[in-house]
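Working notes, beginning with the structure itself.
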Amino acid sequence: MPNVSRTNGSLSHGHNRTSSASSTLSNANFSQGIPGDNNEASSLVTAYSIDDSGELTSERQSAATLSSAQREPEFSPRFETRSRTQSIWRRPSDRFVPRIVSSPAVETRAIPTAVEIQIQKMVQDLKSTSMEEQRDATAELRLLAKHNMDNRIVIANCGGIPLLVNLLRSTDATTQENAVTALLNLSINDNNKAAIGNADAIDPLIYVLESGTAEAKENSAATLFSLSVIEDNKVKIGRSGAIQPLVDLLGHGTPRGKKDAATALFNLSIFHENKARIVQAGAVKYLVELMDPAAGMVDKAVAVLSNLATIHEGRAAIGQEGGIPVLVEVVELGSARGKENAAAALLQLCTNSSRFCNMVLQEGAVPPLVALSQSGTPRAKEKAQALLSYFRNQRHGNGGRG
């Protein structure tokens, strides 16, 4: 998987973000594949980049004074078609490997480097009874984890991951924020994703999501997204109670937090069981609100709605929350990928409810659908043509469901 870069605003799209991978994670592209039901936005593809130092975050502070800074807000516009069963990034081995090695330099070096000695010292300090030492150690590891791939491997091999997970419940807000950001940076390594999950990090991450600082909540949501790249974690995260606080962040978080929450919810919504949970948590109302272009989240919101429209509860909520007019608007005025997902959602709404079908027609959907059927992406053309064909059949008396 490509290295993710978060530093001093030199992300893929020139945005600014603080010391973690959350910005790039939220820059992950919503890639719409054509899965088994032919309607679901089924995968994400990442478009991460690396800054000059090869790290993840927009780290502006020293290790001793790390604090919240501005972070970039956008997903990359690039998309990729993948099947429903494909993983979002390269999946780590299904067999957890306790010693994480992906660099020959780390594996074969006999004498520890100065950085490795520093990491060993910082990991030991995580066990300290001194809150100040814990705070300084998490700040140092947060920085070291963003610098390069080898540091992420060494921190894991020195036993840093379970100790950082323990500190997610620290009563010191700065220590907690540093710990969650360090874990986010470490999670860029695929094997570290497995190690973080195996360290029982999901419940502590939910705790941070509910009780942390604004930046800690953002980075907790981004870490949950990163862990959900592993298919089994989609199930675990959904069943652990993470969806409600993610929806709360989607509705009431900072702009950065809303985008991190949308990223995580999209990935979780790929697993069918999570769709009803997301709807029941009240996500549709917020997603419809975020389809206002001023929010800068139209593509993210419509991608999640496209997944939720594949279940009855999702369709009912979209209709109830006023989602049909905005979906038609996206078909007419949205990005190529937004049009594709909006058309997929409308197809689900219309073919499962004659009432929704009439509402879509009343919103003037036919002209933009005709245009989309001629000039959209291959999947968008397919959805638009199927919807227009359905309208024609309805007009000739083949009734649908109410």
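The values are calculated or read from the model by the stated rules, or taken from the named source; none is laboratory data. Predicted, not measured: the structure shown is a model, and the values here were computed from it. Ideal geometry is used to build each Cβ from the backbone, glycine not excepted, and the neighbour counts take in all protein chains shown.
Kindly provide the set of residues from the stretch 345-378 that are more than 19 Å from R392 (Cβ to Cβ), small (G, A, S) and modelled with pLDDT of 95 or more, ordered by number. A345 - this is the single residue of the stretch 345-378 that is more than 19 Å from R392 (Cβ to Cβ), small (G, A, S) and modelled with pLDDT of 95 or more.
Looking at L126, L167, L141, L227, just one residue is within 24 Å of N274 (Cα to Cα) and either surrounded by 24 or more Cβ atoms within 10 Å (Cβ to Cβ) or in the same structural domain as I270 (by TED's automatic domain parsing) (or both), and that residue is L227. What's the number of the condition L186 fails, among (1) surrounded by 24 or more Cβ atoms within 10 Å (Cβ to Cβ); (2) touching a residue at least 40 places away in the same chain (Cβ under 8 Å); (3) within 19 Å of Q244 (Cβ to Cβ)? The number of the failed condition is (3). Listed by position, the helices (runs of 4 or more DSSP H) contained in the stretch 105-164 that have at least 2 residues being farther than 21 Å from D190 by Cβ and of a type outside the set (G, A, S) are 114-125, 131-147. Residues of the stretch 305-335 that are touching a residue at least 60 places away in the same chain (Cβ under 8 Å) and either buried (at least 23 other Cβ atoms within 10 Å of the Cβ) or farther than 16 Å from A386 by Cα (or both): S306, N307, A309, S335. Can you work out which of the residues in the stretch 341-366 that are in contact (Cβ under 8 Å) with a residue 24 or more places away in the chain and more than 17 Å from A309 (Cα to Cα) is surrounded by the most Cβ atoms within 10 Å (Cβ to Cβ)? Per the stated criteria, the residue is A365. When the helices (runs of 4 or more DSSP H) confined to the stretch 313-402 are screened for residues that are among the β-branched types (V, I, T), outside the structural domain of V279 (by TED's automatic domain parsing) and on the phi < 0 side of the Ramachandran plot, those reaching at least 2 such residues are found at 323-333, 366-375.
Scanning the stretch 243-291 for residues that are buried (at least 21 other Cβ atoms within 10 Å of the Cβ) and aromatic (F, W, Y) yields F266, Y286.
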